[in-house]
Amino acid sequence: MFPPLNKQSFPYTPVFRTKADETVKVPAWLNDPLLYHNRGDSTFAGESTTYGDFSGLDDLFTEQPKVRDGMIDVYKQWVDFGIDGFRIDTVKHVNMGFWQRFSPAMLAEAKKIGNDDFFMFGEVYDARPEAMSPYTTKGRLPATLDFGFQDAAKQFAQGKPTTVLRDLFAGDDYYTDTDSNAYEPADVHRQPRHGPAAGDAARRRGAGGRACCRATGSPTSLMYLVRGQPVVYYGDEQGMVGESGGDQNARQDMFPTKTKVYSDQADLLGRTGSIDRFDPSSSLYRDIARMARLRQANPALADGTQVHRYASSSAGVFAVSRIDRDRDVEYLVAANNSTSAKTVDVATYSRKGRFTPLYGTSTTLRTDRENRTSITVPPLSVAVWKGAKRIDRPSSATVAYPASPQPGATLSGRQEVGVSVPANTPVEVSFGWREAGQADWHLIGTDDAAPYRVFHDVSDLPKGEPDRVPRRRHERRRQAVRHLDVRRRGRPGGRRRRRRRRGRPGDAAVGRERARRPQQRDGLRRRLGPGLRPGPGSPSTPRTASGRARTSRPPVRTTPTRRPSPRRGTRTTATRPC
């Protein structure tokens, strides 16, 4: 039960300016001053970020169940109207517990009325994935606006090294959990538009008028071709500029404006004045429409696995593969932010194959026996190719090596857990954990591209014994145990090759697991889905007296799916499509 409050419970005593203000809000519970934090304006630092008023807007006490449930009831009514979704402002200024209840309630209400396409995304104004990702993993929001991509796209448009995009996407693993990953929106809202920055940068580097127009559209085109769901801020398709002056100048009217500061702003086509901005014939409008059609016709460009292929240390090419997991088809996507054409060599998953052009080029690519090909990308543009044959698959199992944490490391907070997969083949790596002595396994998440890792929040795991407890006794104590599993796709309808692998002599972690009961052995398979089984050699992870986990784990080698023999200390993982 929430503790009782009165007007003296707050740093500021809440008052109404007039008698009429006491009953003006609807629904009526919003008129209760005890349902607000009453701390004054936020300093946007420390706890004031969550509890302070947002520039004079009274901050609701969302930790109180009455407030939380009241807000859920209000927005359920909007869902019942049949709207398409919510764009939620200032998410990080509301406590995490609120989102953990609010988001599932909205999605459940939409499902109840048959609106399966209902969608929500929140504004977490921060470019760091470690700051944004908790709101989709722990907070259970379907998505957040990707300000990290916005920042990287601006730098790309300004001719900065394309490694900025590589580094951005390397942080995607922060978003991986049991039911989602980083394939979520990007946006340019509440910021000066990046189109002018791209055009101005191109002009400063000597580009002509048409090249400047291409430079303006290339960040938007890139947004449609890399992971995530593109969000176009209104007016970008009309070349609105939103000149310097902060986000206020990025809020021009689409209809003929009566605001002088807006009518005086020239758009990218040089137009000024109070004019209608609903022009489906504008070049940017047509380019965005073309990208949308390309993405719709090739679903892998929307939600296919993204694999990094190339990035330059100066202005030049950034390239990725997008993998259609259902059809085993690879796409190559390349963008060039240089004012001259660039040619680079990139790896693929196709040996001696062919890639046909889909967008931005007319050149057909051919790969060599080492799966590599040479691509040429025109200046300030993007290009897309589609593989003409199915991806080559290895005849033997893929090998993975534990990479993090290091043996004996102390774990705390959101702990990186990763493996290295040297082979150039598409795989998925699933990570799970269980308590030693328990049958149930818990999926942490599945990563589909290198670096293969997840960030597991170990802060809530039960405290264990000091690491001086004899290793042979760990199975009888409540120790945190982690297990990783590598999965590889086989041909649809094909048979998996089966073989047995003996345990390594002296591997105590494997040996003590060999007598595991069948129901324990199958626990991870039931938890993680069809085709997944726990490796019998999954070592326990002792925890220190302070509750922080410690881990020691030998390298893991993946093998085809097989039920382990109770007589041998085999280490077996499962393979399935990626």
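Brief remarks on what is shown
- Residue ranges 21-28, 295-302 sort as 295-302, 21-28 when ordered by packing (mean number of other C-beta atoms within 10 Å per residue, highest first).
- Debye intensity ratio I(q)/I(0), log10, region 347-397, q values 0.17, 0.18, 0.25, 0.32 Å⁻¹ (C-alpha model): -0.52, -0.58, -0.93, -1.25
- Ranked order, Glu130, Glu109 - accessible area, probe 1.4 Å, largest first: Glu130, Glu109
- Solvent exposure of region 230-361 as accessible area per residue, Å², 1.4 Å probe: 44
- Percent accessible area from carbon and sulfur atoms, region 266-415, protein chains only, probe 1.4 Å: 47
- Dipole magnitude of region 414-454 about its Cα centre (Cβ charges: Lys, Arg +1; Asp, Glu -1), debye to nearest 20: 100
- Of all lysines in the structure, the ones whose alpha carbon falls short of 25 Å from that of Lys92, not counting any fewer than 8 places away in one chain, are Lys25, Lys66, Lys76, Lys138, Lys154.
- Computed as a quarter of the hull surface, the mean projected area of the alpha carbon convex hull for region 233-366 stands at 10.7 nm².
- When both region 312-357 and region 77-113 are represented by their alpha-carbon centers, they are found 38 Å apart.
- In summary, the lysines within cross-link reach of Lys352, defined as a Cα separation below 24 angstrom excluding same-chain residues under 8 places away, comprise Lys342, Lys386, Lys389.
- Hull shadow area, averaged, region 1-58 [alpha-carbon convex hull, nm²]: 4.9
- Accessible surface ranking that places the most exposed of Met1, Met106 first, with a 1.4 angstrom probe: Met1, Met106
- Note on Thr49 and Asp32: the extension gain reaches 3.9 nm, defined as 0.36 nm multiplied by sequence separation minus the Cα-Cα distance.
The values are calculated or read from the model by the stated rules, or taken from the named source; none is laboratory data. Treat the numbers as computed from the prediction; the structure is a model and nothing was measured. Cβ sites come from the backbone with ideal geometry, for glycine too, and all protein chains shown count toward neighbours. SASA here: full protein model, heavy atoms, side chains in, ligands and nucleic acids out. Shrake-Rupley method; radii C 1.70, N 1.55, O 1.52, S 1.80 Å.
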